[in-house]
1. Relative contact order for segment 64-233: what is it in percent, counting Cα pairs under 8 Å that are at least 6 residues apart?
2. List the lysines whose Cα lies under 21 Å from the Cα of Lys28, skipping any in the same chain that are fewer than 8 positions away.
3. By how many nm would the segment from Arg129 to Ala180 lengthen if fully extended, with 0.36 nm per residue of separation less the alpha-carbon distance?
4. I'd like the antiparallel share, as a percent to the nearest 5, of DSSP beta bridges with both residues in the chain.
5. According to a simple spin-label model (label point 7 Å from Cα along Cα-to-Cβ), what is the distance in nm between Ala153 and Gln75?
6. Using Cα springs under 10 Å in a Gaussian network model of the chain, which residue among Glu170, Glu126, Glu15 shows the largest mean-square fluctuation?
7. Which value in Å is the Kirkwood Rh of segment 1-142 over different Cα pairs?
8. For Lys216, list the lysines whose Cα falls under 21 Å from its own Cα; do not include residues on the same chain fewer than 8 positions away.
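What follows is calculated from the coordinates using simple rules that are stated; it is not laboratory data. Just so it is clear, the structure is predicted and the values come from calculations on it, not from any experiment. With ideal geometry, Cβ positions are generated from the backbone for all residues, glycine too; neighbour counts draw on all protein chains shown.
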Amino acid sequence: MTGCAPTPEFLAAAEALGVQFDAGDLEKLQRYLELLLETTARFNLTAVTEPKQAWMRHVLDALTLLPVLDSCEAQRIIDVGSGGGVPGVPLAISRPRTQVMLLEATGKKAAFLEATAQELALGNVEVLRERAEVAGQDHHRLRGAFDVVVARAVGPLPVLIELTVPLAREGGLVLAIKGAKAAQEIAASKAALHALHAAVIDTLPTPTGTIVVIEKLRKTPRIYPRAAGEPTRRPLGG
């Protein structure tokens with residue numbers, strides 16, 4: 001695909017965020033977008049199909065998380081509901097020494113993520129085809145195992161909290177990329193935060209949205225997350 005080179009708008013916005021690219025990063029990010037948009041022509045991965053928009057709404061949106069990840073020295077992160085790989089793939093490209101798991105339940109999307117990680121030689125990426133409700137109850141490997149859990153476009157915050165907090169270690173963070181209604185979603189999440197033993201500790205406006213920073217205060221009660229589909233059907237506090 002032609003016309004996928006980094007745009008001046010993206011480069012200026014990344015510089016303003018303080019993002020520094022190592023050799024080869026921009027080429028890998030460009031190839032990732034090419035694969036994403038080429039695959040979207042066959043089956044839906046993203047509603048954004050114009051490269052200029054994709055650099056801002058996908059890559060820059062993902063990279064807005066980097067200052068938080070760097071400040072907490074995250075070594076292991078998981079992208080819940082990774083879909084087409086945002087924010088997980090751009091983060092993995094930008095931080096090759098950070099282990100990144102891409103959690104995606106849909107087979108075609110998980111296959112795309114696996115093929116993309118292989119083509120881009122992302123040795124720090126693992127793709128897991130599984131629902132978040134099941135992963136969160138995997139006490140042997142996944143529950144409480146991650147420094148940071150990231151998510152975008154997974155659902156309303158009360159639902160997202162139940163799907164993500166169990167995967168974070170005690171004292172770890174959930175970084176939820178949200179839009180203009182972030183404050184309303186936080187207000188609706190009091191019951192979920194209380195039940196999951198978590199707290200919103202910051203909201204960070206970015207050029208592309210708002211990052212809601214949630215800290216896991218102590219161990220998650222064993223009943224959470226509930227069975228597959230239950231958090232969406234009956235959100236905590238809803």
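1. Working: 341 pairs, mean separation 34.1, N = 170.
Here the relative contact order equals 20 percent.
2. Lys52, Lys109
3. 15.3 nm
4. Working: 14 of 33 bridges.
Here the antiparallel bridges make up roughly 40 percent for the chain.
5. Taking the simple label geometry, Gln75 and Ala153 are separated by 3.3 nm.
6. Glu15
7. Final number for the Kirkwood radius of segment 1-142 is 15.4 Å.
8. Output for Lys216: Lys178, Lys190.
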